[in-house]
Amino acid sequence: MDLDIAAGEALGVVGESGSGKSVTFLSVLGLLRPPGRIEAGEILFDGRDLRRVSRAELRALRGRHMALAMQDALSALNPAFTIGQQLIETLEAHGLAANTREQAAAALSRVGIPSAAERLDDYPHQFSGGMRQRAMIAISLAARPRLLVADEPTTALDVTLRAQVLDLLDELREQDGLALALITHDLAVVAERCPRVMVMYAGQVVESGPTAQVVARPLHPYTRGLLESLPRLEDPDRPLHPIPGQVPDLARLDGGCRFRNRCSMAISACAGPTPLADLGGGRASRCLRAAEVSP
Amino acid sequence: MTASRLLERLLQTLPVLFGVSLIVFLMITLTPGDPVEIMLADSRATPEQAAQLRADLGLDRPLPQRFLVFLGNALTGDFGISFFHRRPVRDVIAERLPATIELTLAAILLAIAVAIPLGVIAAVKRDTWLDRALTALSLFGVSLPGFWFGLLLILLFAVQLGVFPVGGRTDFDLEVARVTGFLLIDSVIAGRPDAFLAALRHLALPAITLGLPTAALLTRVVRSAMAEVLTSDYVLFAEAKGLSRRRVLLRHALKNALIPVVTVAAIETGSLLGGNMIVETVFGWPGLGRLVVESIFARNYPLVQAAVLLYAVTYVMLNFTADLLYTALNPKVRL
Ligand SMILES: Nc1ncnc2c1ncn2[C@@H]1O[C@H](COP(=O)(O)OP(=O)(O)OP(=O)(O)O)[C@@H](O)[C@H]1O
Ligand code: SF4
Ligand SMILES: [Mg+2]
């Protein structure tokens, strides 16, 4: 898969549960857990193939150049260490620690945590949900990485906090030129905040392109199905169409299109290879009948 | 934990201790065998003299009264006279207790020192041959009969190789002045490295024998706690921050994995204190365990009662300590 995110840009990553969003981006960070492994392909970061760098180099990149924000800060933060300790150790790991407490307090203020200096010695459970999520993002961003992979960073929050955290990510993007990969189930969030989108299905990217165009004119039946299964603000009475059928067993794949068993447009050629084809204008799709998807 | 909560937990232990003392009292007094007969077995005492002794020991009074007397005295630290030694039970126990504590502490420290690295390795190398080998080994260790293993060690290291002594606490010519009763400490106080070394050598085999099943058990606890922690989000997050593997494992993972381990270790210490009769007997270790065994055979009621009560108090207090440690290690439950 081809993943390029420019500084200050946001890429939305959508797909059903189990479509491989988390796994894909964890493999970018070199954090796949056994028995998971990358079978093929290359991951380029600044033109370097991350699959070829040593573990030590990869570790130096992690946190320093690319960081991860997780869904649930309560489980992502270590309950046995203070917020300050967890923030400062990131600085230390990358040799950035100078006057650490001030740096740490500054990092917390940057994400909008009030009286940050006093909260450094608090444990994660002493923070409120929204503040904890901010603190986790502050820790991810402590070493000022250029890419942040945010894996459903708002799913665990209520609606108001959700908007706050997303606003925060937008702000950091604009101010610091942070590149953001926003993994989410929520197409509406992507439509609103991410100029580009990547749609994943069964462990593959099936479509990618500028969000406005993808939403207006999907080039893959799965994307179209995803859009049709969502309620729309401007037309709340429109009937919803969930996609029938189930995701294939990823352990038993043939070489054909992975969406084929659920696709109403399938033809015999769909049992053959379906590479991600560049369709011009920054758009790409795996569908052999891409042109016919949106009449 | 607040002071009132602390007090509440302490008070909760009282019914347990009362129950234990009642059970101990009944079990000992209701088993057949007359202590006066045993005490007078070798002498040619008249029935009058026997009755006099019986009255002196309070054995002629009804059971409920005897229990109340026992309980009241126990509260003031008076456990009566040891039939066998004809000295206060308290003094006899105080004399033997340091040896047992020394052995128990050595065993539990040894067990922890072995269990943490092995458990961590097994968890990190989960589902590899190394993990399976360690699991098999710990299963073996848990189920090993202590006396058999102790005898095996004696045969190999004491009799065959002669690197460790067969039994006892130290050599005859290396005794030091008794201050604390802990030989290792006393020989430091006396400034006698030779006595310290001798005490350590005597301690080695019994401590290994006593500590082995605990080491095996703790290894399994460390492994499963660590394995669970390693799948947690915060370990993944710590790795994503770019921390070294070492730091992720030994700081982030281990600190959390140790919480259940500390609890089990504290409780195990209680079981070791009360469960070292076999090891003390095999190694001729002059501790409380052997004293209790001797006293059971001699129907030395007061001493057995006091010892079992002491075991119960220690066990309850160690559980209590485990609670405190759990609180100290786990900021989330701190009130
Ligand atoms: N490219 C792939 N190759 C093989 N297996 C994969 C691939 N992608 C995903 N999987 C499998 O699918 C499972 C679910 O993937 P993942 O957790 O990434 O889904 P997700 O899209 O993040 O779902 P959710 O929205 O619920 O978080 C993984 O455990 C993995 O076993
Ligand atoms: S390639 Fe064929 S089966 Fe796959 S989405 Fe397109 S039409 Fe459907
Ligand atoms: Mg996921």
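Odds and ends about this structure:
- Qualifying positions in the range B:167-186 - more than 25 Å from the chain's Cα centre (by Cα) and either among the aromatic types (Phe, Trp, Tyr) or modelled with pLDDT of 85 or more (or both): B:Phe172
- Those strands (runs of 3 or more DSSP E) of the range A:145-236 in which 1 or more residues are away from ligand 1 (no atom under 16 Å from the Cβ), within 14 Å of chain B (Cβ to nearest Cβ) and closer than 18 Å to A:Met70 by Cβ occupy A:147-151.
- Residue in the range B:130-166 that is most open to solvent (accessible area, probe 1.4 Å), counting only those that are small (Gly, Ala, Ser) and under 22 Å from the mean Cα position of the chain (by Cα): B:Ser143
- Helices (runs of 4 or more DSSP H) (entirely within the range B:1-83) containing at least 1 residues that are within 26 Å of the chain's Cα centre (by Cα): B:3-30, B:63-75
- Test: B:Phe297 is more than 14 Å from every other protein chain (Cβ to nearest Cβ), within 16 Å of the chain's Cα centre (by Cα) and aromatic (Phe, Trp, Tyr): no
- Every listed requirement among (1) away from chain A (no Cβ under 14 Å); (2) in contact with a Pro (Cβ under 7 Å, 6 or more places away or on another chain) is met by B:Val304 save one, (2).
- Qualifying residue in the range B:99-119 (condition: part of a helix (DSSP H, G or I), open to solvent by less than 50 Å² (accessible area, probe 1.4 Å), modelled with pLDDT under 90 and of a type in the set (Ser, Thr, Tyr)): no
- Considering each residue of the range A:41-51 in turn, at least one proves to be at positive phi, more than 14 Å from ligand 1 (Cβ to nearest atom), more than 9 Å from chain B (Cβ to nearest Cβ) and modelled with pLDDT under 85.
The values are calculated or read from the model by the stated rules, or taken from the named source; none is laboratory data. If you're wondering where the values come from, they're calculated on a predicted model, not measured in any experiment. Positions of Cβ are generated from backbone atoms using ideal geometry, with glycine treated the same way; all protein chains shown enter the neighbour counts. Remember, those area values only see protein heavy atoms, side chains included, never the ligands or the DNA or RNA. Shrake-Rupley method; radii C 1.70, N 1.55, O 1.52, S 1.80 Å.
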